[in-house]
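Have a look at the structure below, then the notes.
The values are calculated or read from the model by the stated rules, or taken from the named source; none is laboratory data. Everything quoted here is computed from the prediction, not taken from an experiment. Virtual Cβ from ideal backbone geometry, glycine too; neighbours counted across all protein chains shown. Heads up: the accessible areas ignore ligands, DNA and RNA and are worked out on the full protein's heavy atoms, side chains in. Shrake-Rupley method; radii C 1.70, N 1.55, O 1.52, S 1.80 Å.
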Amino acid sequence: MMRKEALLICTLLALATQTKAESYTIKVKPYPSSGKSFAVKVIDRLEASQTLEEKGKPAQTVKSEAVRTDEYNQSTLTVEGGKLATFQRVYTASTVTSGDKTEKTIFDGKKIQFTFDKKQCKHDLKDEKLSPDDNKKLTDAHTDGLAVLVGLLPDKPINEGDEWPLTGKQIVSGLVTVPVDPERSRGKGKLVKVTKRDGVPIGTIEIEIDVETVAEALGKGKGKFVIKAETPIDGSATQAKMSIKGSLTIESEEKGTRTKVVAGGELSFEISEEK
């Protein structure tokens, strides 16, 4: 009888060892290797409203909706110290649709070269029609796609289904286009699931962020963002699908007039394998 019990215990221990959860040190590949390129399609759906409340007058609200689509091939020209230094984009298509009207943007058909140095991204597109918003899209180009995730990943190995906390400092590094208050913003990430494709671990990552902004000329705000990504998590490949969905509400008051701006939408990236 004792021999049967001992055999059963040994069998259970062996099974437990075999089914022990595999841990992963998550790494993503945000840009192609030097001399290689990938194709990117970006869809930015934006809804915004601005409400003005002036004492003694009815509130006035203006709403707007637009969908911007950019398709480009991005090539890595040089890498210095393991970091992206110069890269190039060729925009094969770039349009904005508002209502039933679709127009090409200034990026359509353009070849643009970028230089990234000391946290600044410079571009060589010289055009008098370049708006401040379009200029910012270019100076923030190094933060697009999987680059958003780099600073939001856990600093230790985790298992499928595990969560990790995010500090305000990490959120600042991820949401570079939002004036994040690091002291009042928090979030969490989760490795939702992992599948294997030809031996490569493909992870589904979900990140939830609650943001408060620092006070600026436009006021102070609060928002919530959810980032979802599906990509190899061993840093071996660039192929990915990613989305950032959320909204931000900013309120201010000046000379008796209250202003409330609500901006929301979804930004999605589809990125090919490098070639």
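Of the residues making up segment 208-257, those that are assigned to a strand (DSSP E or B), within 16 Å of Pro182 (Cα to Cα) and open to solvent by 70 Å² or more (accessible area, probe 1.4 Å) are Asp210, Glu216, Lys220, Lys222, Lys224. Within the set Gly145, Gly151, Gly99, the sole residue that is on the phi > 0 side of the Ramachandran plot and open to solvent by 20 Å² or more (accessible area, probe 1.4 Å) turns out to be Gly99. If you check Val211 against the conditions, is it over 25 Å from Glu254 (Cβ atoms) and not acidic (Asp, Glu)? Against the criterion (over 25 Å from Glu254 (Cβ atoms) and not acidic (Asp, Glu)), Val211 does not qualify.
Yes or no: segment 167-183 includes at least one residue that is surrounded by fewer than 18 Cβ atoms within 10 Å (Cβ to Cβ), over 21 Å from Gly223 (Cα atoms), under 18 Å from the mean Cα position of the chain (by Cα) and free of Cβ contacts under 8 Å to residues at least 60 places away in the same chain. Within segment 167-183, none of the residues are surrounded by fewer than 18 Cβ atoms within 10 Å (Cβ to Cβ), over 21 Å from Gly223 (Cα atoms), under 18 Å from the mean Cα position of the chain (by Cα) and free of Cβ contacts under 8 Å to residues at least 60 places away in the same chain. Of Ser49, Ser131, all but one fail to be farther than 23 Å from Glu270 by Cα, surrounded by fewer than 16 Cβ atoms within 10 Å (Cβ to Cβ), in contact (Cβ under 8 Å) with a residue 60 or more places away in the chain and among the hydroxyl-bearing types (Ser, Thr, Tyr); the exception is Ser49. Of the residues making up segment 27-46, those that are open to solvent by 30 Å² or more (accessible area, probe 1.4 Å) and within 21 Å of the chain's Cα centre (by Cα) number 12.
Where strands (runs of 3 or more DSSP E) fall wholly inside segment 39-157, the ranges with 3 or more residues that are under 23 Å from Pro232 (Cα atoms) and modelled with pLDDT of 95 or more are 60-80. Annotation: of all residues in segment 155-166 being more than 26 Å from Gly264 (Cβ to Cβ) and open to solvent by 20 Å² or more (accessible area, probe 1.4 Å), the one that is nearest to the chain's Cα centre (by Cα) is Asp155.
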